[in-house]
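Just below is one structure, and these are the notes that go with it.
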Amino acid sequence: MTQPAPSRRHAIAEDLRNQIAKGHLKASERLPSEASLAAHYGVSTPTLRNALALLQGEGLVEKIHGSGNFVRHPLRRVTYLGGVAEPTAWSTFFAPLRVTTRTTNIEAHSHLPTLLNVPPRSPLTEVLYIAHEGRAPHSLARIYVPRDLVSADAPAATPSPTPMAARLADPRPPLAEVQERLSVRLPTQEEAATLRINASLAVLALTGVATDATGRVVEAAFLVLPADRADALFTTRLNPEERSPKA
């Protein structure tokens, strides 16, 4: 069966993609103007922009307002290990990156009361983590914890984002369950601006809820990971007896 010919925008995107992959167009290099590229490929400017939008969505090209389109530096890929509740999980995930934090006291609003199972306007502590590779934002996380669970001497900022549950006031019941939900979606305007990504680049959005042995939700975490630089790995370890076929 004959495959349909690719559209002009896909053909242009594929040609530019190959030039980037082969090093003919190098990281940080400015592409020719959109008018020049449109003339080169014999297409209209809107068609050329649609082709560039495909590359922007893949994280290969970055459009800087007033300056033009540039080949992006390939960013380090990191892997989030899902299903790991130990404090080292977050440290390992962000280990290759520089992390900045901001801690704010807020009241539970929007979806937070339901997620944390607290009354609306309950006092919470929010910690915003932004990971950087060089000067470029790489990924972000927001952690919410009931304020009475945060240790009085917990630092307002830490060099790497271990779960807030690891810094809760003592004594507290141990964690009993961590639920994680992973979805793929487009970033919000705020997320796209914070991470300096194109709004058409999909992100991995992970929501984690940690519950202690009494059934109380002690932490809600939101991770936003641009799909061009992050993977999520979930491993299920089975009992050897359960894997063996029964006679």
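The values are calculated or read from the model by the stated rules, or taken from the named source; none is laboratory data. No experiment lies behind these values; they were computed from the predicted model shown. Cβ sites come from the backbone with ideal geometry, for glycine too, and all protein chains shown count toward neighbours.
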Which condition number in (1) within 30 Å of Arg135 (Cβ to Cβ); (2) modelled with pLDDT under 90; (3) among the charged types (D, E, K, R) is the one that Arg243 fails?
-> (1)
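How many residues, within region 60-71, are buried (at least 19 other Cβ atoms within 10 Å of the Cβ) and in contact (Cβ under 8 Å) with a residue 40 or more places away in the chain?
Residues that pass the stated criteria total 4.
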Of the criteria (1) modelled with pLDDT of 85 or more; (2) on the phi < 0 side of the Ramachandran plot, which one Leu201 fails | (1)
Is there a residue in region 1-10 that is modelled with pLDDT of 90 or more and under 29 Å from the mean Cα position of the chain (by Cα)?
-> yes
Only unsatisfied item for Val78, checking (1) among the β-branched types (Val, Ile, Thr); (2) surrounded by 17 or more Cβ atoms within 10 Å (Cβ to Cβ); (3) at pLDDT 90 or above, is (3)
Within region 24-52, how many residues are more than 27 Å from the chain's Cα centre (by Cα) and part of a helix (DSSP H, G or I)?
-> 12
Provide a single number: the residues in region 105-141 that are hydroxyl-bearing (Ser, Thr, Tyr) and touching a residue at least 12 places away in the same chain (Cβ under 8 Å).
-> 4
